[in-house]
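Throughout, read-outs are computed from the coordinates displayed, never taken from laboratory work. On a predicted model such as this, the values are computed, not experimentally measured, just so you know. Every residue, glycine as well, gets a Cβ built from its backbone with ideal geometry; the counts of neighbours run over all protein chains shown.
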Amino acid sequence: MRQSIKKLVEISRKFGKDKNYTIAGGGNTSFKTDKELWVKASGYGLANITEEGFVRMDRKKLDVISSKEYRKEPFLREREVKGDLEKACIDKGKRPSVETSLHNAIDYAFVIHMHPFLINAILCSNDVEQTVERLWGNDVLYVPYTDPGYVLFKEVEAGIDIFRGRNGYCPKVILLQNHGIFVGADMVEEVEMIYTGMMNDILQTLPSNARSLNFSDLPFELEYEVSLPDEFLKSKGLLFKGRNNRLIERFSRNRNEFSKISAPFTPDIIVYCKSNYLFIETSIQQNSLAIENAIVKFHTENGYFPKILVLQGMGLVSIGESEKQVNTALDVFEDQMKIAWFSDFFGGQHFMEPLQINFIDSWEVENYRRKISG
Ligand SMILES: [Zn+2]
């Protein structure tokens with residue numbers, strides 16, 4: 001057992017550090033025996049996680065969540081489920097990941113959940129079903145988009161049952177549309193093999209000149225080349241940071257390219273970058289008052305200041321309250337661009353739909369409200 005937890009920590013760090021697999025400490029991992037489950041606690045990033053970052057849970061109590069009747073209203077229901085999750089914790093004082101029940105439902109010792117952009121390029125594309133079928137056929141379970149939380153868990157659980165009936169075993173790979181992937185196996189080595197194999201399968205379908213995953217930097221002097229309204233932003237307690245590279249250059253070229261990244265692909269992107277982004281045309285880039293007006297107009301329309309500005313022909317800018325926040329938003333939005341870049345090869349970009357975005361937005365508001373009232 002000690003040995004298995006050590007392996008869980010090792011593989012979590014390895015995947016957590018690899019930007020091809022996850023960004024901003026996203027994703028989560030677990031190990032289980034028949035009776036207990038160790039799952040990543042919320043608030044801990046995978047890249048430097050230690051044993052401390054996992055919560056030990058009672059699986060019998062987790063099973064209760066599957067059969068219990070909860071209230072219909074989504075936010076009240078999520079609160080009840082959260083209460084039951086807390087009851088299942090053997091270690092107190094740590095919050096288990098909201099995706100814990102999914103980990104519990106997958107019948108393998110190790111489960112690694114990631115949001116790799118290459119896999120999400122397929123999961124956020126128009127041809128998702130045909131592509132999954134063509135590449136992996138009946139070996140994987142594909143689940144169309146469902147709002148995160150309890151409903152997603154029940155949907156996946158039902159999918160696992162059907163898969164098991166058809167194939168005679170629990171799926172090792174579960175693909176969630178506009179979200180990410182779960183891989184389970186009894187050995188960590190097998191989890192790694194499955195991930196590497198799937199990444200290779202995808203790369204093989206791309207034209208050979210499109211297989212590079214690296215987009216080198218094209219630095220630019222933000223203060224010098226664009227007149228951002230820095231006094232205005234400062235007065236709002238906001239700072240900003242810019243970035244450019246071959247990837248960003250493409251999607252900031254014109255409004256048509258911008259339209260391919262103009263809505264979120266996954267709930268994670270909404271958490272860090274919100275769901276609307278501001279395109280700043282070349283014609284106003286030297287006019288800081290015009291940029292300020294565009295930002296104010298955006299605020300009026302959306303109720304928040306934009307976290308992401310796309311400067312035509314220039315690059316990407318993130319606005320936020322701290323250095324850490326803007327760096328994370330830049331990483332996450334670059335990941336959004338990578339998804340868009342590669343989904344071109346699978347029938348084009350498929351964003352989250354307005355109702356789905358709305359649910360995440362109100363969930364965020366709900367969480368925030370609870371945080372300050374608690
Ligand atoms: Zn996830």
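Values as computed for the structure displayed
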item: Qualifying positions in segment 248-273 - among the β-branched types (Val, Ile, Thr) and within 16 Å of the ligand (Cβ to nearest atom); result: THR266, ILE269, ILE270, VAL271
item: One residue from GLU69, GLU36, GLU52 being charged (D, E, K, R) and under 21 Å from VAL151 (Cα atoms); result: GLU69
item: ASN276 being away from the ligand (no atom under 16 Å from the Cβ) and either free of Cβ contacts under 8 Å to residues at least 60 places away in the same chain or crowded, with 17+ Cβ neighbours inside 10 Å (or both); result: yes
item: Pairs with Cβ under 7 Å, 6+ apart, first in segment 77-104 and of a type in the set (Lys, Arg), second within 16 Å of the ligand (Cβ to nearest atom); result: ARG77/TYR150; LYS94/ALA41; ARG95/ALA41; ARG95/SER42; ARG95/GLY43
item: Subset of segment 170-198 (residues that are more than 19 Å from LYS6 (Cα to Cα) and within 16 Å of the ligand (Cβ to nearest atom)); result: VAL173, ILE174, LEU175, LEU176, GLN177, ASN178, HIS179, GLY180, ILE181, PHE182, TYR195
item: Residue within segment 121-140 that is more than 12 Å from the ligand (Cβ to nearest atom), in contact with a strand residue (DSSP E or B) (Cβ under 6 Å, 6 or more places away or on another chain) and charged (D, E, K, R) present; result: no
item: Condition met for ASN48 (within 23 Å of GLN325 (Cα to Cα) and free of Cβ contacts under 8 Å to residues at least 60 places away in the same chain); result: yes
item: Qualifying residue in segment 153-165 (condition: surrounded by 13 or more Cβ atoms within 10 Å (Cβ to Cβ), away from the ligand (no atom under 16 Å from the Cβ), in a loop (DSSP other than H, G, I, E, B) and touching a residue at least 40 places away in the same chain (Cβ under 8 Å)); result: no
item: Flag if ILE23 is over 17 Å from GLU86 (Cβ atoms), of a type in the set (A, V, I, L, M, F, W, C) and in contact with a Gly (Cβ under 7 Å, 6 or more places away or on another chain); result: no
item: Options LEU62, LEU118, LEU76; residue that is under 22 Å from THR22 (Cα atoms) and aliphatic (A, V, I, L, M); result: LEU118
item: Helices (runs of 4 or more DSSP H) enclosed by segment 275-374 - at least 2 residues per element that are of a type in the set (Gly, Ala, Ser) and within 19 Å of PHE117 (Cα to Cα); result: 323-343
